[in-house]
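Input: a single structure, listed below in structure tokens.
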Amino acid sequence: DVKVTQSSRYLVKRTGEKVFLECVQDMDHENMFWYRQDPGLGLRLIYFSYDVKMKEKGDIPEGYSVSREKKERFSLILESASTNQTSMYLCASSAGGGTYEQYFGPGTRLTVT
Amino acid sequence: GNSVTQMEGPVTLSEEAFLTINCTYTATGYPSLFWYVQYPGEGLQLLLKATKADDKGSNKGFEATYRKETTSFHLEKGSVQVSDSAVYFCALSDRGQGFSFIFGKGTRLLVKP
């Protein structure tokens, strides 16, 4: 079974802090994704990566950056956390585009106070 | 651009009732279609998928048929259980649009004993 793990289930940070969310997948997938999930808005894509050191902006990249130094690990960075970044963050991976499904981690619920 | 529209919830049913959750899509290419389920406090899990017109995806008693003529992928189950209570997401992946998925906003299902 594909396993996608995220470093924390719950996280509380203060405004202005730098926040790192880590995601690791164990199936040698090429593609990895970061979404945020908010009530009434569904899932929105922040960034994705289709190869090591490669990244593409999604629909809402402002205030976020990412890093992919190794194939299995994809990090989401909030350079200076703000209260409007309080959300559920979901990481996913897939073997390719098109017919390939995405596999999701359990999510990190981030609260910025 | 591509989009997915799901019926708004919540949907409340009694145990053993028939379930339909409507999903329609707009896509410029030849999308693959997916249903994901999210149980409380967890990430999304793939429920079923269909990769071409007239394909039927099925899993755990759930079914959905890829209807190109009506651009629909409705989720059905003949007899729901309390354990089916969750949020259901319809999604599409279009090869012509790279690796990203487009998700609907989700439909919450509540099954009462």
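From the list B:20, B:24, the lone residue that is among the hydroxyl-bearing types (Ser, Thr, Tyr), modelled with pLDDT of 90 or more and over 14 Å from residue B:80 (Cβ atoms) is B:24. Scanning the range B:40-74 for residues that are of a type outside the set (S, T, N, Q), assigned to a strand (DSSP E or B), surrounded by 13 or more Cβ atoms within 10 Å (Cβ to Cβ) and away from chain A (no Cβ under 12 Å) turns up B:62, B:63, B:64, B:67.
With the structure loaded, tell me whether residue A:48 is in contact (Cβ under 8 Å) with a residue 40 or more places away in the chain and of a type in the set (Phe, Trp, Tyr) or whether it fails that test. No, not satisfied. So which residues in the range A:50-99 are surrounded by 21 or more Cβ atoms within 10 Å (Cβ to Cβ) and closer than 15 Å to residue A:27 by Cα? Answer for the range A:50-99, where residues must be surrounded by 21 or more Cβ atoms within 10 Å (Cβ to Cβ) and closer than 15 Å to residue A:27 by Cα: A:74, A:91, A:92, A:93, A:94. For the condition closer than 19 Å to residue A:44 by Cα and either part of a loop (DSSP other than H, G, I, E, B) or facing chain A (nearest Cβ under 10 Å) (or both), what is the one hit in B:87, B:37, B:80? Exactly one residue qualifies, and that residue is B:87. So in the range A:93-113, with the set limited to residues that are under 11 Å from the mean Cα position of the chain (by Cα) and closer than 25 Å to residue B:55 by Cα, which one is farthest from the other protein chains (Cβ to nearest Cβ)? Looking at residues that are under 11 Å from the mean Cα position of the chain (by Cα) and closer than 25 Å to residue B:55 by Cα, I get A:93.
So that you can scan it fast, the table gives a plain yes or no per residue for (1) among the basic types (Lys, Arg); (2) closer than 17 Å to residue A:6 by Cα:
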{"site": "A:38", "(1), (2)": "no, no"}
{"site": "A:42", "(1), (2)": "no, no"}
{"site": "A:47", "(1), (2)": "no, yes"}
{"site": "A:52", "(1), (2)": "no, no"}
{"site": "A:57", "(1), (2)": "yes, no"}
{"site": "A:63", "(1), (2)": "no, no"}
{"site": "A:80", "(1), (2)": "no, no"}
{"site": "A:104", "(1), (2)": "no, yes"}
{"site": "A:109", "(1), (2)": "yes, yes"}
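For residue A:82, the test of being in contact (Cβ under 8 Å) with a residue 60 or more places away in the chain, more than 14 Å from every other protein chain (Cβ to nearest Cβ) and either small (Gly, Ala, Ser) or more than 29 Å from residue B:66 (Cβ to Cβ) (or both) is passed.
For the range A:8-45, give me each residue that is among the β-branched types (Val, Ile, Thr), part of a strand (DSSP E or B) and in contact (Cβ under 8 Å) with a residue 60 or more places away in the chain.
A:12, A:19
The residues of the range A:46-60 that are farther than 23 Å from residue B:87 by Cβ and in a strand (DSSP E or B), listed by number, are A:47, A:49, A:50, A:51, A:54, A:55, A:56, A:57.
The values are calculated or read from the model by the stated rules, or taken from the named source; none is laboratory data. Keep in mind the model is a prediction, meaning the values are calculated, not measured. Because the Cβ atoms are built from the backbone with ideal geometry, glycine has one as well, and the counts that use them run over all protein chains shown.
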